[in-house]
Amino acid sequence: MHSHVTRRATMMTVGPALRRGLSWTLRSVPPMLPTPALPFHRPGWIYEEKYDGWRIMAYKQGAAVRLLSRNGIDYTGRFRALAAAIASLPDVTLLLDGEVTAFDAHLLSRRAFLHPDPPAVVTPPIYIAFDCVQASGRDLREHPLGARREVLERLIADHHLLFPARRLPAHGLAAWAEVQRRGYEGLVAKDESSAYRGGRTRSWLKVKSSR
């Protein structure tokens, strides 16, 4: 019941933001939310760096782009360079799930650098994409994560503002050791066979660091 209410509330907030000023054929999709967990290893799962930033769904239709938070707040105007970068991608329609962040001199993500007058920033805002939900008119939600990742990597290859989420070592405990060694925000473990399901899920699990 709770997940149903959450999805409905997200659709109510995201929908109007998408429709404002444009005739959108893309339907709003609530983001897939990982469940907190402790470090673990599980066969068939992959491990990605967890970023300290703002969760953003990127909708593209033709040359028009909307960057919407998980609560439906429109950040397109705030991150114009990222919107332009996504608009330049070749697919006519596109829906990406990712995180906007900026990095310090040690290439660690820092949410604080997205606020006005940040401390010394090494990078501009970067869009870290970790899923491709729709592409070229195809709804990819029922495709396994591994297939969606292949589409994502093809789409944003060699782009200086758009990057796929960093993959960590294949063994979950080795991935966690790298997180601690490098000082990352944490990791997100994902079932590589999982479909994309909006709302809280146990097919994605997040392990946060105490950095």
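Every number in this text was worked out from the coordinates using simple rules, so none of it is lab data. Computed from a prediction, not measured in an experiment: that's the story for all the values here.
Extension gain, VAL122 to ARG141, is 3.4 nm, computed as 0.36 nm per intervening residue step minus the present C-alpha separation.
Which residue, ARG55, ARG149, ARG166, has the most motion in a Gaussian network model of the chain that connects Cα atoms within less than 10 Å? Comparing ARG55, ARG149, ARG166 in a Gaussian network model of the chain, the most mobile one is ARG166. Taking the helices alone, the chain has a mean residue ellipticity at 222 nm of -7000 deg cm²/dmol, built from -39,500 (n - 2.57) per DSSP H run of at least 4 residues and averaged over all its residues. Note on segment 86-127: Cα-only Rg and Dmax are 13.0, 37 Å.
Expressed to the nearest 5 percent, the antiparallel share of DSSP beta bridges inside the chain is 85 percent.
In plain terms, the C-alpha convex hull of the chain casts an average shadow of 11.6 nm² when viewed from every direction.
Applied to segment 196-207, the Karplus parametrisation 6.51 cos²θ - 1.76 cosθ + 1.60 on θ = phi - 60° returns per-residue 3J(HN,Hα) values of 8, 10, x, x, 5, 9, 9, 7, 10, 10, 10, 10 Hz, with x for Gly and Pro. For segment 58-65, putting each phi into the Karplus relation 6.51 cos²θ - 1.76 cosθ + 1.60 with θ = phi - 60° gives couplings of 9, 9, 10, 9, x, 8, 8, 9 Hz, in residue order, rounded to whole numbers and with x for Gly and Pro.
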